[in-house]
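Quick notes on the structure that follows.
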Amino acid sequence: MCVFDLLHSRPGLEAAQVAREVGASVRGTECLLEACVSLGLLRSKEGRCQRPVFENTDLSARFLLTDAPRSLRGHIARCDDTAWPLFSRLDGAVREGAGQRQKALGETSGDTLQDAFHNGQEDKLGFMNAMHSVAKVTGRAVATAFDLSRFKTACDLGGCTGAMAYEFTRAHPGFSVTVFDLPAVIELSERFHPLHTDNRVSFVAGDFFEDELPKADLYVLARILHDLPEEKVHILLSKISAACTPGCGLLLSEIFLAAARGGPARGLLQALSLGEGRQRSAAEYALLLESHGFVAARGVHTGDLLDAMLCLKA
Ligand SMILES: C[S@@+](CC[C@H](N)C(=O)[O-])C[C@H]1O[C@@H](n2cnc3c(N)ncnc32)[C@H](O)[C@@H]1O
């Protein structure tokens, strides 16, 4: 409804004015604005006629405006379309121990991406927008989690719109990144490139299960493994391991669960959607990587939405 955009351009509106501008009922708008105040997304104070007036807080200004550099609107819109219907079938997911995509969303493959890509351009862009917004928010924390000065070239496998790749080149001068993703994604990725593109970021279309991986000193795998069934995790890691010469790096970025699976909530809630993959702790990821010939795995909780782990090919 773009309430935050409206209050950004015209701070200090009353509920009735907001309702008029967004074409909604006064009663409903009042309830919405009050709920947003309770969540810390809006501030209210007494206006001229002793009626409350509303304005954005720093939190909503940073993450909820359409054009904010770190806007999470793409992610939120996707959650609205997919996570919300999935969680409305939580009892089914828990009873069956299986994902509910088909029942909740009418999807057939059980694969988030495949289904998004069968549903036409709007759904493809919705998926990419969601990936893009989170990568823009968290990319810098991932890119700066380690000293990467020993590497000159990176390949971001499943790098989608390139949002993370641009954060890597911004953070590391002299570093170039190839974004490798499926042809249908690479085809649309141009729409997401920053205004001033960086020729150190390039895009290659391919399938990381089928095609040869671009050569690089460092492979990046962000938000890929948690979504894959166990056998595909091993196929992909074997492939990356075979492409690496000794000393090459693999930088993994996921939510790392605490050792006793006591958090963080966003990782455990992601697990509760019971997709094909699974959520792991940093120790579990380190073991997985070691089983494919990677050593010296070091995990870092970045304090942002995604954590990071760097390891080297033995
Ligand atoms: C969950 S998204 C993560 C995007 C990005 N790494 C990030 O963290 O923002 C998964 C990405 O992997 C890509 N992908 C899935 N299967 C792939 C395959 N077989 N080959 C190449 N890319 C693939 C998808 O197109 C999508 O962009």
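The values are calculated or read from the model by the stated rules, or taken from the named source; none is laboratory data. What you see is a predicted model; the values in this text were computed from it and never measured. Note: ideal-geometry Cβ built from the backbone for every residue, glycine included; neighbour counts use all protein chains shown. Protein only, heavy atoms only, side chains kept; ligands, DNA and RNA dropped before computing areas. Shrake-Rupley method; radii C 1.70, N 1.55, O 1.52, S 1.80 Å.
Electrostatic tally near V22: other residues with Cβ closer than 12 Å to its Cβ, Lys and Arg +1, Asp and Glu -1, net 0. For the stretch 139-313, DSSP calls about 35 percent of its internal beta bridges antiparallel.
Sketch the reach of a paramagnetic label on T153 as a point 7 Å from Cα along Cα-to-Cβ, and name the residues of the stretch 203-222 whose backbone nitrogen lies under 19 Å away. Inside the label zone: 203-208, 211-221. Each other residue within a Cβ distance under 10 Å of F63 adds +1 if Lys or Arg and -1 if Asp or Glu, for a net charge of +2.
Where only DSSP H runs of four or more residues are counted, the chain gives -12000 deg cm²/dmol as its mean residue ellipticity at 222 nm, each run worth -39500 (n - 2.57). Note on K124: aspartates and glutamates with a C-alpha under 13 Å away, same-chain residues under 8 apart excluded, are D81, D115, E187. Note on the chain: dipole from Cβ charges, positive end direction compared against V3, L287, C155; the farthest Cα belongs to V3. Give me the percent of Cα-Cα pairs in the chain that sit more than 30 Å apart, rounded to a whole number. More than 30 Å apart: 40 percent of the Cα pairs in the chain. Residues in the stretch 3-63 average 62 Å² of solvent-accessible surface per residue, probe 1.4 Å, ligands and nucleic acids excluded. Take 196-202, 307-313 and order them by the average number of nearby Cβ atoms within 10 Å per residue, most first; the result is 307-313, 196-202. Highest mean packing first, where packing is the average number of other Cβ atoms within 10 Å per residue, the peptides 50-62, 138-150, 88-100 line up as 138-150, 50-62, 88-100. Using the Karplus relation 6.51 cos²θ - 1.76 cosθ + 1.60 with θ = phi - 60°, the per-residue 3J(HN,Hα) values for the stretch 196-211 come to 9, 6, 10, 6, 7, 10, 10, 10, 10, 8, x, 10, 5, 8, 9, 9 Hz, with x marking Gly and Pro. Only Lys, Arg, Asp and Glu carry charge here, each on its Cβ (+1 for the first two, -1 for the last two); on that basis the chain has a dipole of about 840 debye about its Cα centre. The stretch 132-255 gives an Rg/Rh value of 0.93, both radii derived from C-alpha positions and Rh following Kirkwood. Calculated FRET efficiency, R20 to L105, Cβ-Cβ distance, R0 = 41 Å: about 0.70 to the nearest 0.05. Taking Lys and Arg as +1 and Asp and Glu as -1, the other residues whose beta-carbon sits under 10 Å from that of A222 total -1. Each of S202, G247, H226 was scored by the projection of its Cα onto the charge dipole of the stretch 139-313, and the greatest displacement toward the positive side belongs to G247; charges sit on the C-beta of Lys, Arg, Asp and Glu. Per-residue Karplus couplings for the stretch 228-233, computed as 6.51 cos²θ - 1.76 cosθ + 1.60 with θ equal to phi - 60°, are listed in order as 9, x, 3, 5, 6, 4 Hz, Gly and Pro entered as x. Excluding same-chain neighbours fewer than eight residues apart, the aspartates and glutamates reachable from K152 by a Cα-Cα span under 14 Å are D217. Note down the Stokes-Einstein diffusion coefficient of the stretch 3-63 in µm²/s, whole number, using a Kirkwood radius over alpha carbon pairs, 20 °C, and 1.002 mPa s. In µm²/s, the coefficient is 190.
The distance between label points at A283 and E96 comes to 3.4 nm (points 7 Å beyond Cα on the Cα→Cβ vector). Split the accessible area of the chain by element, probe 1.4 Å, and carbon with sulfur accounts for 54%.
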